[in-house]
Structure formats: C-alpha cells, structure tokens
Amino acid sequence: MDLQERIARRRSARQGRTVVVDRDHLSPVVHRPEPVGRGPVLEQLLDTLEPVFGGELPPPVAVVGPAGSGTSAVVTALFDALNEQFGGSNRTIATTTRGGSTDPVTWFVAVDGRQVESPFSLYRALLSSISTDRVPESGVGTDDLRSRLTEQLGRPDRRAIVAIDHHDEPETLDVARVRDLLEPVGDRIATVAVGQREPDGHEGPTVTVPAYRDHELVDVVTDRASTGLAAGVLDHGLVRDLADWADGNAHDALAALFGAAVLATEDDADRIEPRHLETARDDVPDDGVHVSRALALSETRQRVLLALVEIGAGDRPIREIAAAIAERSSLTAGTVKRFLYEIADRGIIERVPLPTTDTGSGRQPSTVEPRFPTIAFRSLTSTGTQSL
C-alpha cells in the first residue's frame with residue numbers, strides 16, 4: 001500500500017469516526033504479502049527450493065513452528081511472490097515460454113489441509129491451481145479428477161511444488177496419504193509439509209520457524225493496526241501489553257486485537273479502550289486453536305457453534321445444550337449432540353467433566369467449551385443461527 005493510499009484511508013475513517021478502516025488487515029485469518037520479521041526464514045526456505053530455479057525438483061521439505069509462529073504466512077507469501085516474480089497468475093508460476101524457451105513449467109500450489117479432507121477435494125484443489133479449465137465441484141468422480149491431474153502433469157516439462165498446510169491436524173490428509181494419492185504423478189511433484197511438526201519418516205531439509213519475540217510481535221501488531229485501524233484509536237502502550245500477553249503467538253495477538261476492534265465498534269466508541277482489549281484477551285483460550293479451524297467446518301456445523309457461543313454453555317450438560325440449540329433450529333437434539341461430539345473430537349471445542357454426586361457406574365456428565373476466539377469467529381463467519 002503506498003503512502004497516498006494510507007493517507008486517504010485514514011482521512012476517510014476520521015471523517016466517518018470509525019475505529020476499523022479495513023477489517024481484512026486486522027483479521028487473524030488473512031496473511032500479509034510480506035510477513036513481518038520473517039526475512040531469515042524466507043531465505044532458508046528459498047535455499048531449500050533452489051533446485052527449482054535449475055528446472056529440478058527439490059527434496060521433500062518440512063516447514064515447522066509452534067502455533068502462531070507464521071508457518072502458513074511464510075509459505076503463502078513466498079509462493080505468491082514467486083508467482084508474481086515469474087510473471088504468472090496468482091495461481092501458477094511458469095518458468096518457461098519467454099522467447100521460445102524450452103525450460104520446464106513449474107507450478108507452486110499451497111493446499112490448505114483444513115479444506116482438503118478427501119482424495120476428491122485434494123485433486124480438485126490441485127487442478128484448480130494448475131489448470132486454466134474450470135474444475136467442477138460435483139458431477140464427476142474422483143477417478144476422473146485424478147486422470148485430469150495426471151494428464152495435466154503428464155508432459156516431461158511440467159512439475160509442481162505442493163505445500164500441504166496443517167498436515168498434522170485432526171481430520172486432515174497427512175503427507176504420506178497425499179503422496180500415495182499423487183503416486184501417478186509422483187515424479188512430477190515435490191511436497192512441502194507445513195505444520196507444527198515434521199511428518200513421520202521425514203528425511204529432507206527442515207525449515208524451523210521460531211516463535212515471535214516480543215519486539216517482533218509488537219511490529220506485527222503495529223503493522224496490522226497501522227492499515228486496519230483509524231489513526232489514534234489504539235495506544236502504543238496497549239500494543240506492547242498485547243504482545244507481552246500473547247507470548248510469541250501472532251494468532252492470539254491478532255485475534256485479541258480483532259476482537260477488541262469488534263467490541264469498540266459495537267460500543268460505538270471512537271477508540272479501543274483497555275477494557276475492550278481485556279475482554280478480547282479473555283476470549284482467546286489458553287492453548288487454544290486457530291479461529292480458522294472453526295471457520296473451516298461445514299456451514300451447518302458453524303451455525304451450531306455460533307448458537308453455542310450465543311447461548312453459552314455454562315454448567316449445563318451436553319444434552320441440555322443440544323436441546324437448547326435444537327429449539328432455535330430445524331435440527332434435532334440428537335443431530336446437534338452428534339455434531340458437538342464430532343467438533344470436540346476435532347479439538348475445536350473441549351468436553352469438560354461436570355461435578356456430580358452420582359456414585360453409580362454411569363457416565364459422568366460433561367459440558368463443552370470453545371477452544372477458539374469466539375468474538376473473532378462470530379464476526380468472521382458468514383453463517384447465521386437463523387438458517388439452522
């Protein structure tokens with residue numbers, strides 16, 4: 001963003017007395033084109049991908065780091081930058097076609113494991129990135145999509161670097177399974193596993209992304225606030241406090257900042273006050289999960305989560321919570337209960353035992369608590385409980 005655009009945005013925001021200038025710039029689920037403070041990591045990742053610039057495939061690569069360290073942001077930014085540098089579209093990079101060159105064509109594709117849970121969805125995600133043809137969402141089988149992918153990569157001058165993000169989370173396709181599914185084009189594809197740990201049996205290079213240091217996290221939050229918020233609505237001292245509280249986790253810091261901006265807007269305030277940040281911090285669970293985990297669920301399950309957030313679990317057992325949600329929807333209590341158990345198995349909500357005086361051998365009742373930032377979730381989800 002150039003300086004004139006920054007000035008125009010702030011002037012417009014001030015005239016409208018708004019707190020938020022651009023929600024996307026604050027959102028914890030939106031990556032910046034150039035992650036703040038991650039230059040050395042980007043250089044290391046470029047080193048591991050160096051064979052690409054000679055027309056060769058690199059070995060399998062792992063990019064690992066703790067929650068909130070920006071592993072996804074680093075890979076996404078690098079792939080996007082390579083696309084732009086080589087003059088391709090935002091979905092592909094071509095290292096050929098200039099002046100009749102016969103150099104191989106290489107595509108860089110980042111696949112979000114949270115959105116890819118089946119062979120069909122994997123093949124479709126890859127085809128959507130490397131093919132100019134429209135890829136159908138339904139009406140075709142998995143075998144057909146695999147054949148299309150094999151044809152697309154079948155020429156000896158075509159290859160792809162595929163990043164599998166969040167490969168180590170529940171319900172996602174792990175790297176070994178992805179490689180099995182891509183076996184028909186295995187000599188045309190190299191994988192980059194992105195997550196909090198290396199894949200089992202990984203033998204290639206590993207790029208480690210460290211947790212943010214406090215001063216780096218201050219820079220991250222300041223960068224987001226400078227373009228996402230109106231000028232003067234957030235005191236720099238609060239930014240330092242927020243970075244210290246987040247303890248190196250950029251997601252938690254940005255989720256709290258986003259939540260505080262939502263609360264200030266709902267209060268019709270003209271600045272973010274300490275009370276807004278305190279409430280927003282309290283809404284971010286300790287050792288919780290990324291809000292995008294909740295946003296990756298199906299629409300119906302997101303609506304169930306939204307209803308859970310709105311009614312509050314309190315100390316009620318799951319069966320009562322399910323009944324309360326069902327009363328607000330067309331779903332049965334049994335279906336809601338099943339959804340809650342499924343979402344808990346994914347680690348997005350947590351089952352918490354309730355105290356009981358029953359000394360029998362029956363199952364101890366439990367309730368559920370969100371493990372994600374609920375303020376950010378209810379603001380970012382496109383669903384509504386009225387459509388349950």
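General remarks:
- Degrees, to the nearest 10: 214-228 long Cα axis against longest axis of the chain: 90
- Across the chain, the mean sequence separation of Cα contacts (distance under 8 Å, 6 or more residues apart), normalised by length, yields a relative contact order of 19 percent.
- Listed peptides 283-292, 175-184, 190-199 by packing density, highest first (mean Cβ within 10 Å): 190-199, 283-292, 175-184
- Nearest-ten-degree value, helix 250-266 long axis tilted from longest Cα axis of the chain: 50
- Projected label distance in nm at residue 53 and residue 350, using a 7 Å step from Cα toward the beta-carbon: 4.5
- Other-chain or far-sequence residues with amide H under 5 Å of residue 163's (modelled H): 109, 110, 111, 192
- Each label point was placed 7 Å from the Cα along the Cα-to-Cβ direction; for residue 311 and residue 214 their separation is 4.3 nm.
- Accessible area expressed per residue, the chain, with surrounding protein chains retained (probe 1.4 Å, Å²): 49
- Computed packing ranks the peptides 207-219, 43-55 as 207-219, 43-55, most packed first, by mean other Cβ atoms within 10 Å.
- Net charge over other residues, Cβ less than 12 angstrom from the Cβ of residue 58 (K, R count +1; D, E count -1): -2
- Net length available on complete extension from residue 46 to residue 24 is 5.2 nm, with 0.36 nm assigned per residue and the Cα-Cα distance removed.
- Across all directions, the shadow cast by the convex hull of segment 301-372 built on its C-alpha atoms averages 4.8 square nanometres.
- Of the trypsin sites (Lys or Arg not before Pro) in segment 220-295, those whose Cβ has at most 16 other Cβ within 10 Å and which sit in DSSP loop: 271
- Against the main long axis of the alpha-carbon atoms of the chain, helix 3-16 sits at an angle near 20°.
- Residue 332-residue 155 pseudo-label distance in nm [points 7 Å out on the Cα-to-Cβ vector]: 5.5
- Karplus-derived 3J(HN,Hα), 6.51/-1.76/1.60, for each residue of segment 18-28, Hz, glycine and proline x: 9, 8, 9, 8, 9, 5, 4, 6, 9, 5, x
- Residues residue 187 and residue 265, FRET efficiency given R0 of 45 Å [Cβ-Cβ distance, rounded to 0.05]: 0.30
- Accessible carbon and sulfur surface of segment 237-388 relative to its total accessible area, %, 1.4 Å: 41
- Range of Cα positions in the chain per principal axis (Å), largest first: 72, 58, 37
- Working ranking of peptides 345-353, 255-263, 150-158 by packing, defined as the average number of other Cβ atoms within 10 Å per residue, highest first, is 255-263, 345-353, 150-158.
- Per-residue ellipticity at 222 nm from helix content only, as computed over the chain with -39500 (n - 2.57) for each DSSP H run of at least four residues, stands at -13500 deg cm²/dmol.
The values are calculated or read from the model by the stated rules, or taken from the named source; none is laboratory data. Just so it is clear, the structure is predicted and the values come from calculations on it, not from any experiment. Cβ sites come from the backbone with ideal geometry, for glycine too, and all protein chains shown count toward neighbours. Heavy atoms of the whole protein, side chains included, go into the accessibility calculation; ligands, DNA and RNA do not. Shrake-Rupley method; radii C 1.70, N 1.55, O 1.52, S 1.80 Å.
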